[in-house]
C-alpha cells in the first residue's frame, strides 16, 4: 500500500511524457540537414533545379524529415511548377495537419495558379486555427490581395497562334 501513490504518480508522469514525446520533434539526420542548407543556398542564388536536387537527396537520406517537403515546394514554386509545389505542401499537411507554413504556402501556390477561391479557403483555415495576426495568415492575405500574376507575353495561349498560309497542316 505504501507504493500505491508513488506508482500512480509515476504512471501519470510516464503517460504525460509519452504524449509529449509523440509530438513532431524529429531530429534531422546531419547529412540531410547539410543538404537542406545546400539547397537553400542554391535557391537563394536562383538555381531552383539545383535546390530541388539537393532537397530530394536530403529526402532520400531522411524520409521522415517533413520540413523538406516545404523546401521542395518553395523550390518548385521558384521554378514555376505550382502544381508540383501544391503536391509537396499537401504531403507536408498529410504528415503534419496543423503546419501553418504548409497551409499558407499551398494557398500562395494556388493564387499563383489562379485558383483564388481555393486560396481563400486556406486563408479561412489559417484564420480559424492561427488567428488574424499570425505571420502565415498575413502572408497569404497579402498574396491574395495582389491576385494572380499576369502571364508573360511569351506565354501565349494556343488559340492566339495562327498558321501561315504557306504552311500545310497535318
Among the candidates 54, 64, which residue alone is under 23 Å from residue 32 (Cβ atoms), assigned to a helix (DSSP H, G or I), out of contact with any strand residue (DSSP E or B) (no Cβ under 9 Å at 6 or more places or on another chain) and modelled with pLDDT under 95?
54
Exactly one condition in (1) touching a helix residue (DSSP H, G or I) at 6+ places or on another chain (Cβ under 6 Å); (2) in contact (Cβ under 8 Å) with a residue 12 or more places away in the chain is not met by residue 50; state its number.
(2)
Would you say residue 154 is exposed (fewer than 14 other Cβ atoms within 10 Å of the Cβ) and either in a helix (DSSP H, G or I) or at pLDDT 85 or above (or both)?
no
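The rows are residues; the columns are (1) surrounded by fewer than 23 Cβ atoms within 10 Å (Cβ to Cβ); (2) under 27 Å from residue 29 (Cβ atoms); (3) in contact with a strand residue (DSSP E or B) (Cβ under 6 Å, 6 or more places away or on another chain).
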{"position": "69", "(1), (2), (3)": "no, yes, no"}
{"position": "87", "(1), (2), (3)": "yes, yes, no"}
{"position": "92", "(1), (2), (3)": "no, yes, no"}
{"position": "106", "(1), (2), (3)": "no, yes, no"}
{"position": "110", "(1), (2), (3)": "no, no, no"}
Pairing a residue in the stretch 114-131 that is on the phi > 0 side of the Ramachandran plot and at pLDDT 85 or above with any residue that is surrounded by 13 or more Cβ atoms within 10 Å (Cβ to Cβ) and outside any helix (DSSP H, G or I), where Cβ atoms lie under 6 Å and the two sit 6 or more apart in sequence or on different chains, gives 114/148
For residues that are over 17 Å from the mean Cα position of the chain (by Cα) and crowded, with 16+ Cβ neighbours inside 10 Å, scanning just the stretch 38-49, find the one that is farthest from residue 76 (Cα to Cα).
38
Would you mind stating whether residue 148 is at pLDDT 85 or above and under 23 Å from residue 71 (Cα atoms)?
no
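The values are calculated or read from the model by the stated rules, or taken from the named source; none is laboratory data. Remember, predicted model here, so these are calculated numbers, not experimental data. No Cβ is skipped: glycine too gets one built from the backbone with ideal geometry, and neighbour counts run over all protein chains shown.
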